[in-house]
Amino acid sequence: MPARAKVKTSPYQPFIDALQKKQSELFDSFERDKAAGNAQPDDGIQDLADKAASAYSKELNFSLSDGERNLLMLIEEAFNRIREGTFGTCSNCGNLIGEKRLAAVPWTPFCIDCQELQEKGLLS
Ligand SMILES: [Zn+2]
């Protein structure tokens, strides 16, 4: 039996997959910009997360748009919430975030109500 560190039974797995996919897309566009011959990472959540963390303060800032950078940060935070076991609850009010909403935007830190407040600039 091959030894794999990855936990396959997490209830968060569909969200982890979706987050990793989105993160890879963002990194892919970054890699294209860089036009470097680095090997593509094809492994676990930890490596991608580390890459994101170390890239924030570096040239990634110059290659990605504000929106893309913001999204990468939200994805990072979502991974943190998964590790802490708080994923799926609103970072503002603590209510559960709807499953449909999580499926559509798994990186969102807010429930739909708080998201509206945030978009109106009413969230501190
Ligand atoms: Zn909320």
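The values are calculated or read from the model by the stated rules, or taken from the named source; none is laboratory data. Everything numeric here is computed off the predicted structure, so don't read it as measured data. Just so you know, the surface numbers come from the protein's heavy atoms only, side chains and all, with ligands and any DNA or RNA stripped out. Shrake-Rupley method; radii C 1.70, N 1.55, O 1.52, S 1.80 Å.
Summary table
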{"read-out": "Ranked order, S91, S63 - accessible area, probe 1.4 Å, largest first", "value": "S91, S63"}
{"read-out": "Potential lengthening between E116 and D17 on full extension [0.36 nm per residue; Cα-Cα distance subtracted]", "value": "33.0 nm"}
{"read-out": "Area accessible to solvent at K22, 1.4 Å probe radius, in Å²", "value": "60 Å²"}
{"read-out": "For D33, solvent-accessible area (1.4 Å; no DNA, RNA or ligand), Å²", "value": "100 Å²"}
{"read-out": "Stretchable slack from S63 to L123, in nm (0.36 nm times residue separation minus alpha-carbon distance)", "value": "18.7 nm"}
{"read-out": "Distant-in-sequence amide H partners of F87 (H built 1.01 Å from N, under 5 Å)", "value": "I82"}
